[in-house]
Amino acid sequence: MGSQGTVADVKEIKMALKERHSSKDLWFGWLTVRPKWLQGLNNPKCFLLFVCMYFFTQSIVVNGVYSVSITTIEKRFGYSSSKTGVLTSCYDIAALMLTPFVSYMGAKRKKPKWCGIGLFLMGVGFFIFILPHLFSPKYLAKGHSQEVPSTCHTNVTYSVNQCDQSQTHWGYYLLFIVGMLVIGAGSTPMWNLGTAYMDENVKAKAAPIYIGIFSCSGVMGAGVGFILGGLFLSIYVDLGAQTKLTPQNEEWIGAWWLGFLVSMVMAMLWSVFLIGFPKEFPGTKKLRKLNLIGNSDHPTVHDFGYVQLKDLPKASKALFTNIPYMSTTLGVCIEGFIVSSLTAFMPKVIEQQFSYTASMVSLVLGVVVVPGALLGNFVGAYICKRLSLCQRGASKMCFMVSALSILGVCLLFINCDSLPIVGVNIPYANSSSYGLKSSCNNGCTCPDTNYKPVCAESITYYSPCHAGCKTDFKNGSFGNCSCIQSNDLVTSGFCSSDCGFKPYIYITVYFLTVLLTFLSATPATVVTLRCVGHEQRAYALGIQSSLMRLLGTIPGPVVVGSLIDMTCTLWKKGCDDVANCLQYDNRNLAMVVLITALITKVLTTSCYGISHWFSPKESKDDRNGIVNGNVQYNSKQVYDEEKDKYKDKDVDNNVNQQIQRKLVHEYIDRETKL
């Protein structure tokens, strides 16, 4: 007996060791390096932390640092708004092209590994994006022209073609495009695979909390990006270089690239941890038994990725003929159009309208956008949960919120008067026509490439030379100016402008616009999920995301950037004749923002209205987890409460829809009788 017991014990030990060895594949680590002391990180909460850092780092750059640096990049390299609009769209172009591939490859593989690789690739994209700064020569504060005195000189000839091509080489723009494409490619696994991994490894009722925290990390990243961007833009672009310029000078260029450098280090650091997570956590199989109770027992497109191509036409037809789904999707696309455009160009608009510095705009937007987005997300999610909104209720909320935002958008027409610049938008004192040449500076050789605004008698001149100034006191002031009637000194920079309370009103309105925009985000997602069958939800979200990029976030910055260029009143002339815009017509600029935002909001409201009109009326089943005869995820709570009746039954994914439906209906009938 003792011998038999010993043999049995040995077998049990061997089986235990074998099971332990196989379960080690689910340990945290890299290849064969999986130390026991690191297993404290092997849980969903730690994965949430690092995937949040993924989104946080991405948002710091894409939604924060890059947005507030667009104007600086335009001035530094001589780009128009249409060029930077194309650059902005490259991010979504890469994501659009790679989403199907990443979704397919990552569906049945180690999702954290793909997220880690994507995060590392995103860091590489950050590095590529700052290469133009590293390769270009030091910034020339006087533009593209070579050493040209800023004061009036006679009998001197300067060639307009005498410019430094190295400052605006076409290769820099190519590097910017490649960098943005790589950043977009690296961001692709973040949302699709990151959220799917969390949903697969946590309890069903905890998944929304995880995804909500994940979403908030992106908003916080944008806020930090605005603040960091503002701080870095107050530092001179060439670290260690001596300059007399200050951030208030028109010629000032801040260190736009520092934010990308810091984010690159963060991305590569967090990627190491993400790669270390296993394909699933120990104990996930037990959770899956409960989480899959709400699923259909039929194979779906989502279950097999894109393996069963024969199912795609049928699934696509079902979506494209679903009026509530398509109208909601179009509304989301149009909303994406204006959100991506305002994210890219609102810093430029505020900087131009209210004469703010780039660093000041960054801080203002950080205070406005982050609280507005967070509050909108929170309130929208709370209302949906508190009122238990189903498809019709959520679509009604989308319609009402979008309609309310139209009123706020109308106030975006608030603008300040354009700064008066002699020869550009007001004539010289002895002339009735516009033009930089006048009798008072006729004897001066003033190249148009040397833009250096100066202020005299509350009026701005193109440069000291164009003001006829012959003396440079080397302290930022000039004298002996033939175009100035008084003997006052001429000072560097624009003349100050008083816009009263308009900036505060405008910023408040923009805060409310951001809040209302994000307020409708959660109910729009609810409508999308509820207006299709459960087996189509993942595919519906994927189609909606692709269409939003194709029709919204990709063309948005390009179209709006081109419209903004049309409001330019003064272009900087460089090696290619025309470079970046120096001054805009404030009224026309405000009109572009107003018309674009108004049209998109009206169209979005109409789409949400159509979705609500065609949404079925709520029934008792809708409020208790059954839509069109299909048990939804919210029936999971009912099942948890009633499953004791079926404790002897298998609760694996073989539990069929009939048992679930019976449980829910019994619950409904019992609650109705009370």
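Annotation note: of Phe320, Phe399, the sole residue that is of a type outside the set (Lys, Arg) and at pLDDT 90 or above is Phe399. Just one of (1) modelled with pLDDT under 90; (2) buried (at least 22 other Cβ atoms within 10 Å of the Cβ); (3) in contact with a Phe, Trp or Tyr (Cβ under 6 Å, 6 or more places away or on another chain) fails for Val578. It is (2).
In the set Val102, Val61, Val51, Val65, only one residue is over 14 Å from the mean Cα position of the chain (by Cα) and either free of Cβ contacts under 8 Å to residues at least 60 places away in the same chain or crowded, with 23+ Cβ neighbours inside 10 Å (or both); that residue is Val51.
When you scan segment 20-32, do you find a residue that is assigned to a helix (DSSP H, G or I), surrounded by 10 or more Cβ atoms within 10 Å (Cβ to Cβ) and either among the small types (Gly, Ala, Ser) or at pLDDT 75 or above (or both), even just one?
Scanning segment 20-32 turns up at least one residue that is assigned to a helix (DSSP H, G or I), surrounded by 10 or more Cβ atoms within 10 Å (Cβ to Cβ) and either among the small types (Gly, Ala, Ser) or at pLDDT 75 or above (or both).
Only one of Ser388, Ser418 is surrounded by fewer than 22 Cβ atoms within 10 Å (Cβ to Cβ), at positive phi, touching a residue at least 60 places away in the same chain (Cβ under 8 Å) and not in a helix (DSSP H, G or I); which?
Working: Ser418 fails: at positive phi.
The unique qualifying residue is Ser388.
The set of residues in segment 317-331 that are exposed (fewer than 14 other Cβ atoms within 10 Å of the Cβ) and polar (S, T, N, Q) contains only Thr321. Filtering Thr567, Thr508, Thr513 for residues that are in contact with an Asp or Glu (Cβ under 6 Å, 6 or more places away or on another chain) and closer than 30 Å to Thr357 by Cβ leaves a single hit, Thr567. Say whether the condition of being surrounded by 15 or more Cβ atoms within 10 Å (Cβ to Cβ), touching a residue at least 40 places away in the same chain (Cβ under 8 Å), assigned to a loop (DSSP other than H, G, I, E, B) and aliphatic (A, V, I, L, M) is met by at least one residue in segment 477-499. No: zero hits.
Scanning segment 527-557 for residues that are β-branched (Val, Ile, Thr) and modelled with pLDDT of 80 or more, we see that the one that is nearest to Gln391 (Cα to Cα) is Val527. For segment 280-287, check the following and say yes or no: at least one residue is touching a strand residue (DSSP E or B) at 6+ places or on another chain (Cβ under 8 Å), modelled with pLDDT of 60 or more and closer than 20 Å to Lys113 by Cα. No, the conditions are met nowhere in segment 280-287. Taking first residues from segment 433-450 that are more than 10 Å from Gly468 (Cα to Cα) and modelled with pLDDT under 80 and partners that are charged (D, E, K, R) and part of a loop (DSSP other than H, G, I, E, B), the Cβ contacts under 6 Å between residues at least 6 apart in sequence or on separate chains come to Asp448/Lys573; Thr449/Lys573; Asn450/Lys142. When segment 229-245 is filtered for residues that are of a type in the set (S, T, N, Q) and loosely packed, with under 14 Cβ neighbours inside 10 Å, only Gln242 remains. Every test in (1) of a type outside the set (Gly, Ala, Ser); (2) within 21 Å of the chain's Cα centre (by Cα); (3) at pLDDT 85 or above is passed by Asp565 save one, and that test is (2). The single condition among (1) surrounded by fewer than 17 Cβ atoms within 10 Å (Cβ to Cβ); (2) touching a helix residue (DSSP H, G or I) at 6+ places or on another chain (Cβ under 9 Å); (3) modelled with pLDDT under 80 that Glu251 does not meet is (1).
Of the set (1) farther than 28 Å from Ser615 by Cα; (2) at pLDDT below 90; (3) hydroxyl-bearing (Ser, Thr, Tyr); (4) under 32 Å from the mean Cα position of the chain (by Cα), all apply to Tyr236 but (2).
Residues of segment 365-385 being of a type in the set (A, V, I, L, M, F, W, C) and surrounded by 21 or more Cβ atoms within 10 Å (Cβ to Cβ), which ones?
Leu365, Val368, Val369, Val370, Ala373
Restricting segment 345-364 to residues that are under 18 Å from the mean Cα position of the chain (by Cα) and closer than 18 Å to Leu231 by Cβ, the residue that is surrounded by the most Cβ atoms within 10 Å (Cβ to Cβ) is Ser362. Being more than 23 Å from Lys572 (Cβ to Cβ), at pLDDT 85 or above and within 36 Å of the chain's Cα centre (by Cα): is that true of Ile406 here? So Ile406 passes the test. Listed conditions (1) surrounded by 18 or more Cβ atoms within 10 Å (Cβ to Cβ); (2) in a loop (DSSP other than H, G, I, E, B) are all met by Ala429, apart from (1). All of Val527, Val532 fail the test of being buried (at least 19 other Cβ atoms within 10 Å of the Cβ) and not in a helix (DSSP H, G or I), apart from Val532.
The values are calculated or read from the model by the stated rules, or taken from the named source; none is laboratory data. Note that the coordinates shown come from a computational prediction; the quantities given were computed from them, not determined experimentally. Glycine gets a Cβ as well: all are built from the backbone with ideal geometry, and neighbour counts include every protein chain shown.
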